[in-house]
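Enquirer: Sharing a structure here in C-alpha cells format.
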Amino acid sequence: MTLFFVVTLNGLSLAALYFIAASGFSLVFGVMRVVNMAHGSLILLGAYVAFDIAEWSGSWVLGALAGSLAAALAGVLLQVLFFNRMAGSKDQQTLVSIAVSIIAADLMLAHWGGLTYQLNLPSLLEGSIGLPLLGVNYAKIRIVLIVAAIAVGVGLWLLIAKTNLGRLIRAGVDDQEMLHALGFNVKGLFIAVFALGGALAGFAGVVAATALSVAPGTDVQFLLAALIVVIVGGMGSIGGAAIGAILVGLSEQYGLVYAPTYGIVFTFIIMIGVLGLRPQGLFGRGDVG
Amino acid sequence: MDAQDSPVLSASNVDLHYGSVHILQGISIDIGALPRAIIGRNGMGKTSLCRAIMGLLPLSGGNINLNGVAIDHRAPDWRARHGLAYVPQGRRVFPTLTVDEHFRIMQRGKNQQWTRERIYDIFPRLAERRSNFGNRLSGGEQQMLAIGRALMMDPRLLILDEPTEGLAPVIVDHVVEILQQLSTEGIAILLVEQNLSVAAELADELSIMVNGQIIDHIPSSQLLHDETMQRRYLGISLDGH
Amino acid sequence: MRLKLKSSMRSVATGIALATMSVMPPGAADVVKIGGISVLEGAFAGPGGDGIRGIELAIKEFGGMIAGKKIVLSIMSSSGAPDTAVNAARKLIEQDGVDIIVGPLSGSEGIAIRDFSKSNQGVTFINGSSAAQDATLRNGSENFFRFGGDGAQWLAGLGTYAYDTLGYKKVAVIAEDYSFPYTQILGFMIEYCRAGGRVPNKFWVPIGNKDYSSIVYAIPQDVDALFVVLGGSDAVNFLTQYSRAGGDKPIIGGTITIDSTILDAKGPFKKLLIGTPSGTPTASENDSPEWQGFVAQYRKEFPDGFSSPSIFAHHYYMSTKAALLGLEKVKGDLSNNHAAYRKALSNLEFDTPTGRMKLDKNRNGIVDVLLTQVVDLGNGKLGNRVISVTKNVSQTMGEPEAEFLAMGPVSRDNPSCP
Amino acid sequence: MSRADIILLASVALLLFLLPAISSEFFISQIATRVLILGIIALSLAFLAQEIGIISLAQVMIAGIAGYAIALMSQNSAGLGVEMPLVVAVVGAILAAGLAGILMGIVAQRSTGIYAIMITLATSVAFTLFARQNYQIFNGFDGLAGITAPTLGSIQLSETYHFYFLCVIGSLAVLMFTLYLRKTPLGLAFQALRDDRQRLAALGFRPQRTVVVAFGLVGLIAGVGGILLTWFNTRIAPTSIGLDVTLDVLIVAIIGGIGHPIGAFIGALVFVLLETFASDLIDRDRFNTLIGAVFLIVILLSPGGLIGFGRRVVERIPMLQTIVDFITRTKREE
C-alpha cells in the first residue's frame, strides 16, 4: 500500500513537470491557434542556457532566469520571423515549426554536444524528507515540483483572468482586427504571448534539467508529452492541461511499476480513448479545425 | 459644409479594389463639426468606406487626411490613437470579456476625458450588467458597449456603421439621442445607415451612396418627404429596413 | 561482380544525373574506399560522434595510405534503428562504392548489418561497437567481423567480484528493455549465479522512459546491491532519483553506465558514480603504455573530444585499424570477393590499446577485459581505475560452446537465478 | 480517370520503365525504388487529406501492419508466425492493412483537424510501442528479419531491377486506383464530406461511415507500400514504423502538396535525394540542418507543396500553359 501511495505521488510530481512543459504550448495554441512543434526545442534550449549560466555564475536562480529568458527570446524570434508572416495558414505554421525543430536540434547538438546535462540543485532543495504516515523518504525536489506546477497554473489563470494583458490576450483571440481598430498593437501583443510561452518552455527545461537531466532527444520527448497532455485535456484550456498531465503522469508511473512490459502503451490508449469519445479533448472547445 | 469649419477628416478621390472588383470609386468627403450621414443600400460600399478610413482596408488610390495630416500609411491602431474611433457593423464586442473588462482595457490614465464612470452615467443599463460577458448581452446593450468603448478613445471623430441595425425602436431613439448629445459636445460623427429616419434625424444633409460612388447630397428634410426620390436613389421607403 | 560491372557501365549517365552529388575520386584504382556507419543524431549522437573520431584516428595513424593506396573515407549516419543502418550501408556500397564498412554502433543495427552482409559478398563488414551476442554467435556471416567482442564479454570477472570480493549475495537488476542490456546481464549473471549469487528481481524499463522515481521505491530492501545497465541520461536520471529518495544500496554498473560518455556528462549526479565497479575493455586509468599512448593521440587530435576516449572511439578505432592491417597483409588485394583479405582478417593478431586481439572461428574477438571502479580524479573529473584484468575472454565466457549455446538466446528471462 | 490523368500516367509509366536504361544501379535501388515505396505510403496519407480533409498519421503504422503480416506469413529469422503460400500472404497482408484502416477509421470517425492528427498519431505510437515490447508475435525491438521478396517461376523479385519494376507496377496500380476512385460516386461523397459534413448527411450519406470507408481504402494503399517496404529492407521492426518515419511521410506528403496523387511521389523524390545526399553536400555533421532548411524553404516558398509550385510556374510560362490548356480542354470534352 505504501508503494501505491508513493507511486501516486510520483505520478503527480511527474504530472507537475508535464504540466509546466505543456502550459506554454497550450497558451500559445489557445491564443494564436498555432501548434508550435518547436516547443520541445525551446525547452531544451532553456535547459542548456540555464546550465551554462548557472555554471558561470554559480547560481541556480540566475541560470533559471537566463534559461527562461533565452527561450522567451527564441519564441519571439519564431513569431517575428515565421508565424507572423503566415498568419492565415495554420497548417503551414505547424510545418514551419517542424522544420525549425529539426534545424534547432542539429544546431544545439553542434554547440552543446551529445552529452547529458544536469543542473545543480539549490542546496535548499537537496535530499529527502520523511513522509508522515508512510514511513518512507521522499525527494524534496519532487514536492517542490508539484508546488511549482500549481504556482504556474494559478499564475497563468490569474494572468489570463485578472490582468490587463490577460484581457487583451482574450480580446485578441476573440477579434484581432477589432482590437487593432481600438488602438492596440496586435503584433506586439502576439509577440508578448510568444515570449510568455517561450519563457514557460524555458522554465520547463530548467525544471527538467534539475529534477532529471537533459540530452539530445529531450526536445522530442517533452514535445510529445506536451502534445499528449494538451490533446487529452483539450487544446487551449489550462485546466484541461492540468487534468491531462495528471492522467498521463499517473498512467506512466503506475504502468512502470505494475505493468512494466506494456505500461508504456497505456498513456496512448488513454489518449485514444479520450479522443474517440470526446474528439475535442476533455475540456476543449469544439471550434478547432 | 460650413465655411468656417476646418474638417477633422477629409477623404479625396478614394479608390479601393477588392480583387478585381472596384468597390470605392473616387469618393471625396469632408467631415467637420456637423454630423455627416451616408445612406445607401446593402453592398454599395458603405462598410468598405468605414474600414478604409479606419485603415483596415488598403486604398488603391486617393488619400485621407486627419486634421490636415495624411494618414494613408498609418496602421489602424495609430489612427485610433489619433482620434478615430470605430463602432463597426454587428458591434463586434468581445465575447470572452465582461462589460467592465471592455472598459478596463481602454483605460489609459488620468487625462482621459471619457472614463468608465462617465460611460456608465450615460448608459446606466451597462452599469447594471458590468460583470456580464459580451456574448451574454442583448443587441441594444452590445451597441451601447460598442459605442462606450469607442468613446474611451476620446475620439475627434466617431465612425458608426449601421448602429441601429436590428434594434428595438425605443433603443434606436436612445442611441440617436446619445449621438446628438455627443455631437453637441464637439465630437465629429460619420454615420453610415440604411435607416433613413435615423440618418435624417442626426444630419441636416444626407450623402447618397450607390455602387461605390457618392452620387448626390440632399437636404434631409427634402429626402424625408419625397418618396419618389427615395425610391429612385435608395429603393427604400421611410419604414426602412 | 556483375553488380560492379553494371555500375561502372552506367557511371557516365550517373555522372550527368548526379553531377553535383556523386563522389568520384580520380584514379579509382589507386584508392581504397572505406565507409563508416555511426549514429550522428538524437540521443546516441555523443557516442556515435566519438566512434567516427576513432575511425579518423586509425586512418591518420597510417598516414591516410595503405598498401600504396590512398584511403578515402565516407561517413553515413544511421538513427540507431536497424533499417537506417542498412540503408546507410546500401548508400555507401552502391553510391560511394566502398570496399569495407566499419560500423554500426548499436546492437540491433549490428544484427541487421550482419544479415545484410550475407547478400553483399563484394564488401567486407567490420563491426563498430554493436555488441549484441547473436550478431556473431548464432547465424554468423562470412564477411562480418567483430573485433571488439560482445556485451557479455565486456563484463567478464564482474559477477565473481561482486559475489566473492564485495560479498553481495542478492542483486536487483535495473536495465533498459532491449537486446544489448540482455547481453550484458548474461555476462554478469553467468558468473554471479554460478558463484551462488541470486537475482530475485529484474526491473525492465521501457526505452524512452526518463522518470525512474517509482522503480526506486519498488526495489526490495533485502538486496545487497543494484546492477544498473543504463546509458546516457537514463543512468543519470536513475542514479539521481535513487539518491534523492534516500537510496543507499551500492551500485554495480554496466559498461555504458561507467563509460566516458557518462563520466564526462555535466552535473552533480556524477559523485553518485564514484566507487561503482564494472567491466569494460576501456578504462581511463589503464596504465599500459599502449592505452596511454592511445589516449595521448586522441587528446591531441580531438581536444574537444571526451576527456578519455570512450568505448565507441576505441572500438571504431580498433576495427578500422584491423581493416587496414588486413589490407596491408594482402597488399591491398581485394580480388575474388576479398577472399585473401578475409582470410587475413580471420587470422589477424595485433596489439590494440586494450591488449592483444584475435578472432574466434565465428569471427568474434577474443578480448582482454578490465574489471574497473569509478574514481574521483579531482577537479570534478571522473575516471575508471583498473582492479584486475581478465585475459582472452571468449564469447562463450569460458564455457564449452555446445553447453553455452544450449542455454538458448538471451532474453528478459534468460538467464535466471531468482 | 480523365484524359489528362491518362496522359500523365502513361508518360510517368514510360519514364519509370525507361529509367533503368539511363541510370545507375545505385540510383534504381537506393533512390527510385525507395521513392516509389515512400510515395505509395505518402499517397495514402495525401489522398485521405485531399479527399476527406483528414490528415492521418496512422498510415505508416498501417503499412507496418501489412509488413508484419507478410513477415509472419513468410519465412523469417525469428521463426515466428506461419509460412503461407505467397498469394495468401500478400492478399492477407493487404487485407490486414485494410482492416487496420477500418478500425482506425472507426476510432477516428468523429475527429477532425488537429484532433484527427493526434488520435491517429497516438494509435500509431501505441502500436509501435506494443510491437517493441512484445516478443511472442513481433519479436520486440529487433523485429522480424530475413524476409526476401519471393521468386515467381524463374524471376527473382528480390533482384534490384525486378524489384524496381515490381514497385513501378505497384505505384501505377495505386495511382490508377486513387484517380479512378475520385470519379466514382464514393469519391464524390468523400469530397462532399471534406467540404461540409452536414451537407453530406443531407445527401443521404452517413458522414462517419464514409470516413471509415475512406480509411479502409487508403489502408489498402498503405498495405501495398508496407509489403514492398518490408521486402525492400528484408526486415520489419518497430523502428521501421516509428515516430520519425511517420513524420518523414508527413513531410513527403506536404512537400509534394496534396493537389494531385502524383505529388506524393514528387515529394518522396525530393526527400530521398536530400536524405541520401545531404551528407555529401555539407559537412557530414550538419546534414540535418540542411534537410531542415530545405523543408523550411519549400514550405515558405510554396504553400501548396511542389505541385502548387509547379502550377504557379506553369501559369508564368505561356507555352506550358498552352499545353495544360490543351489537356484540360480535352478533359472538358469528355
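Enquirer: Treat the count of other C-beta atoms within 10 Å as a stand-in for reagent exposure and order D:246, D:120 from fewest to most.
Expert: D:246, D:120
Enquirer: Once the other residues with Cβ under 10 Å from the Cβ of residue B:64 are scored (Lys, Arg +1; Asp, Glu -1), what is the net sum?
Expert: +1
Enquirer: Quick one: what do you get for the protein assembly as shown if you divide its Cα Rg by 2.2 N^0.38 Å?
Expert: 1.06
Enquirer: Please compute the net charge surrounding residue C:340, taking Lys and Arg as +1 and Asp and Glu as -1 over other residues with Cβ under 10 Å from its Cβ.
Expert: Local charge sum for residue C:340: +3.
Enquirer: May I ask you to sort B:17, D:260, B:225 by Cβ crowding, counting other Cβ atoms within 10 Å and putting the fewest first? Please report the intermediate quantities before stating the final value.
Expert: Details: B:17 15, D:260 22, B:225 11.
In increasing order of surrounding Cβ atoms, one gets B:225, B:17, D:260.
Enquirer: Give me the percent of DSSP beta bridges within the protein assembly as shown that run antiparallel, rounded to the nearest 5.
Expert: Details: 50 of 98 bridges.
Of all bridge pairs located within the protein assembly as shown, approximately 50 percent are antiparallel.
Enquirer: Report, in debye and to the nearest 20, how large the dipole of segment A:2-277 comes out about its Cα centre when Lys and Arg carry +1 and Asp and Glu carry -1 on their Cβ. Provide the component values of the computation, followed by the final result.
Expert: Working: 9 positive and 10 negative charges, 90 e Å.
Dipole magnitude for segment A:2-277 comes out near 440 debye.
Enquirer: Follow-up. Non-local amide H neighbours of residue B:86 (under 5 Å, H modeled in plane, Pro and chain starts lacking H): which ones?
Expert: Under 5 Å from the amide H of residue B:86 lie the amide H atoms of B:159, each far enough along the sequence or on another chain.
Enquirer: Moving to a separate point now. Could you give me the ³J(HN,Hα) list for segment B:76-81, computed from phi with Karplus coefficients 6.51, -1.76, 1.60 and θ = phi - 60°, whole Hz, x at Gly and Pro?
Expert: x, 5, 5, 4, 5, 6
Enquirer: Could you name the aspartates and glutamates in cross-link range of residue C:266, using Cα to Cα under 12 Å and dropping any fewer than eight places away on the same chain?
Expert: List returned: A:52, A:55.
Enquirer: Within chain D, which complete DSSP H helices have Cα atoms spanning at least 24 Å along the helix axis and a mean Kyte-Doolittle hydropathy of 0.5 or higher?
Expert: Correct list, ordered by number: D:3-22, D:33-52, D:86-108, D:113-133, D:160-183, D:207-233, D:262-281.
Enquirer: Do any cysteines in the protein assembly as shown lack another Cys Cβ under 4.7 Å, and if so which?
Expert: Among the cysteines of the protein assembly as shown, those whose Cβ sits 4.7 Å or more from every other are B:50, D:167.
Enquirer: Taking chain B on its own, what percent of its Cα-Cα pair distances exceed 23 Å? Please report the intermediate quantities before stating the final value.
Expert: Working: 14028 of 28920 pairs.
Looking at chain B, the distances longer than 23 Å represent 49 percent of pairs.
Enquirer: Right, next: Determine, from the Cβ-Cβ distance of residue A:258 and residue C:274 and an R0 of 22 Å, the FRET efficiency 1/(1 + (r/R0)^6), rounded to the nearest 0.05.
Expert: Details: r = 34 Å, r/R0 = 1.52.
In this case the efficiency is close to 0.05.
Enquirer: Note down the net charge around residue B:128, summing +1 for each Lys or Arg and -1 for each Asp or Glu among other residues with Cβ under 12 Å from its Cβ.
Expert: Working: positive: B:125, B:129, B:130; negative: B:100, B:141.
Net local charge, residue B:128 excluded: +1.
Enquirer: Given segment D:3-333, report the % of alpha carbon pairs whose separation exceeds 33 Å.
Expert: 26
Enquirer: Still on this model: Pull up all non-local amide H partners of residue A:128: gap of 5 or more, or a different chain, and H-to-H distance under 5 Å with H placed in the peptide plane.
Expert: Here A:140 satisfy the definition.
Enquirer: Moving to a separate point now. Only Cα pairs under 8 Å and at least 6 apart count here; give the relative contact order of segment A:2-277 as a rounded whole percent.
Expert: Working: 441 pairs, mean separation 105.5, N = 276.
For segment A:2-277, the relative contact order is 38 percent.
Enquirer: While we're on this one: Kirkwood Rh over alpha-carbon pairs of segment A:2-277, then Stokes-Einstein at 37 °C and 0.692 mPa s: what D in µm² s⁻¹, rounded to an integer?
Expert: This corresponds to a translational diffusion coefficient of 171 µm²/s.
Enquirer: Go through A:140/A:187; A:90/B:110; C:329/C:381; A:187/B:110; C:70/C:300; A:162/B:46 and tell me which ones have a Cα-Cα distance over 31 Å in this structure.
Expert: Violating the 31 Å Cα-Cα cut-off are A:140/A:187; A:90/B:110; C:329/C:381; A:162/B:46.
Enquirer: Then there's this: What do you get for the angle between helix B:169-184 and the principal long axis of chain B? Use alpha-carbon atoms, 0 to 90 degrees, nearest ten.
Expert: With both axes taken from Cα atoms, the answer is about 90 degrees.
Enquirer: Next question, about the same structure. Can you give the FRET efficiency for residue C:118 and residue D:196, using 1/(1 + (r/R0)^6), R0 = 60 Å, r = Cβ-Cβ distance, to the nearest 0.05?
Expert: The computed FRET efficiency comes out at 0.60.
Enquirer: Over segment D:3-333, what is the mean sequence separation of C-alpha contacts under 8 Å (at least six apart), divided by residue count, expressed as relative contact order in percent? Show your work: numbers first, answer last.
Expert: Details: 505 pairs, mean separation 95.7, N = 331.
That works out to 29 percent.
Enquirer: Using only Cα atoms, tell me the angle between helix B:139-151 and the longest principal axis of chain B; keep it within 0 to 90° and round to the nearest 10.
Expert: The answer is roughly 90 degrees.
Enquirer: Next question. Taking neighbour Cβ counts within 10 Å as the exposure measure, how do B:174, B:22 sort from fewest upward?
Expert: B:22, B:174
Enquirer: Quick one: which residues, 5 or more positions from residue B:189 or on another chain, have an amide H under 5 Å from its amide H? H modelled 1.01 Å from N in the peptide plane, none for Pro or chain starts.
Expert: Residues meeting the criterion, in which the H sits 1.01 Å from N, are B:36, B:158.
Enquirer: Counting only complete DSSP H runs, which helices of chain A cover 24 Å or more along their long axis at the Cα atoms and score a mean Kyte-Doolittle of 1.0 or above?
Expert: A:2-32, A:60-81, A:140-162, A:186-211, A:238-258
Enquirer: What number do you get for segment C:253-412 when its Cα radius of gyration is normalised by 2.2 N^0.38 Å, N = residues?
Expert: Computed over Cα atoms of segment C:253-412, the ratio equals 1.18.
No value in this document is a laboratory result; all are computed from the given coordinates. Everything quoted here is computed from the prediction, not taken from an experiment. We place every Cβ from the backbone using ideal geometry, glycine too, and count neighbours over all the protein chains shown.
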